[in-house]
1. Could you figure out which of (1) surrounded by 13 or more Cβ atoms within 10 Å (Cβ to Cβ); (2) free of Cβ contacts under 8 Å to residues at least 60 places away in the same chain; (3) of a type outside the set (D, E, K, R); (4) at negative phi isn't true of A:SER31?
2. Can B:PRO7 be described as surrounded by 13 or more Cβ atoms within 10 Å (Cβ to Cβ), touching a residue at least 12 places away in the same chain (Cβ under 8 Å) and within 22 Å of A:TRP34 (Cα to Cα)?
3. Which residues, counting only those in segment B:15-68, are at positive phi and either within 10 Å of chain A (Cβ to nearest Cβ) or assigned to a strand (DSSP E or B) (or both)?
4. So, in segment A:34-50, how many residues would count as being of a type in the set (A, V, I, L, M) and either away from chain B (no Cβ under 12 Å) or crowded, with 24+ Cβ neighbours inside 10 Å (or both)?
5. Starting from residues that are under 10 Å from the mean Cα position of the chain (by Cα) and more than 26 Å from A:TRP34 (Cβ to Cβ), keep the ones in segment B:69-110 and report whichever is farthest from the other protein chains (Cβ to nearest Cβ).
6. Please verify whether segment B:84-100 includes one or more residues that are farther than 25 Å from A:GLN54 by Cα, part of a loop (DSSP other than H, G, I, E, B) and open to solvent by 10 Å² or more (accessible area, probe 1.4 Å).
7. When you look at A:ASN104, is it open to solvent by less than 20 Å² (accessible area, probe 1.4 Å) and either part of a loop (DSSP other than H, G, I, E, B) or among the acidic types (Asp, Glu) (or both), yes or no?
8. Give me the strands (runs of 3 or more DSSP E) completely within segment A:1-65, filtered to those with at least 2 residues that are among the aliphatic types (A, V, I, L, M), ordered by residue number.
Amino acid sequence: KAGVTQTPRYLIKTRGQQVTLSCSPISGHRSVSWYQQTPGQGLQFLFEYFSETQRNKGNFPGRFSGRQFSNSRSEMNVSTLELGDSALYLCASSLYGTSASSYNEQFFGPGTRLTVL
Amino acid sequence: GQNIDQPTEMTATEGAIVQINCTYQTSGFNGLFWYQQHAGEAPTFLSYNVLDGLEEKGRFSSFLSRSKGYSYLLLKELQMKDSASYLCAVSGSGTYKYIFGTGTRLKVLA
């Protein structure tokens, strides 16, 4: 079974630009969560999509948005990039949503390393 | 509020045993996960605890006390490849999402 894939793996952008990151979950998984990871903050939850609906959202500005398609693939968009957006962006898929009451392991993709200059 | 605390860094010697602690305060609890993350790589699942007690898996064990909001990850017979960050994460119920600690960076010395 193929794992979670993310594209691109590396990205360099300049301030003010926008960027779109893509995540393909494990086949059969309907939940995709996005995280931002920086050295000082650890993993910070951005949002979660389940069956094309945003179910949860973290404390990030509206410049960060996402969507999920009918095949469960998800995209994350960051507009008007700032230097502080430089980070590793990880997506994780799971069989059930993060609200599930049963065991629900998340499987992480390799991440997209975004550098904003 | 919701919070997870872990030590920032730990150092241990090859062959030794190390215990990484995690304390949490969350509005709901549906399980606690431990992940390992090597530098530049994605986190990988190590263990899951939802009931009190010890879960053992080879050289790795994880313990949970829900009444104390406390967990630990125990690594035995440390190897150089165990040098990594170890992330504690709590999953809640309802609309609650996964909350991750900032991770504990473990250095294993020869």
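1. (2)
2. Values: surrounded by 13 or more Cβ atoms within 10 Å (Cβ to Cβ): yes; touching a residue at least 12 places away in the same chain (Cβ under 8 Å): yes; within 22 Å of A:TRP34 (Cα to Cα): no.
In short, no.
3. Here is the first cut: in segment B:15-68, the residues at positive phi are B:15, B:31, B:40, B:53, B:58.
Correct list: B:GLY31, B:GLY40, B:GLY53.
4. Start the filter on segment A:34-50 by keeping residues that are of a type in the set (A, V, I, L, M), which leaves A:43, A:46.
So of that shortlist, the ones also either away from chain B (no Cβ under 12 Å) or crowded, with 24+ Cβ neighbours inside 10 Å (or both) come out as A:43.
Total satisfying the criteria: 1.
5. Filtering first and then ranking leaves B:LEU74.
6. Checked against the condition, which is being farther than 25 Å from A:GLN54 by Cα, part of a loop (DSSP other than H, G, I, E, B) and open to solvent by 10 Å² or more (accessible area, probe 1.4 Å), segment B:84-100 yields no hits at all.
7. On the way: open to solvent by less than 20 Å² (accessible area, probe 1.4 Å): yes; either part of a loop (DSSP other than H, G, I, E, B) or among the acidic types (Asp, Glu) (or both): yes.
Yes; evaluated as a whole, the condition is true for this residue.
8. Working: elements: A:5-7, A:10-13, A:19-24, A:31-38, A:42-50, A:53-57.
In segment A:1-65, the matching strands (runs of 3 or more DSSP E) lie at A:10-13, A:19-24, A:42-50.
The values are calculated or read from the model by the stated rules, or taken from the named source; none is laboratory data. This one's a predicted model, so the numbers in the text were calculated from it and none came from an experiment. Neighbour counts run over all protein chains shown; Cβ positions are idealised from the backbone, glycine included. In case anyone asks, the SASA skips ligands and DNA or RNA and just uses the protein heavy atoms, side chains included. Shrake-Rupley method; radii C 1.70, N 1.55, O 1.52, S 1.80 Å.
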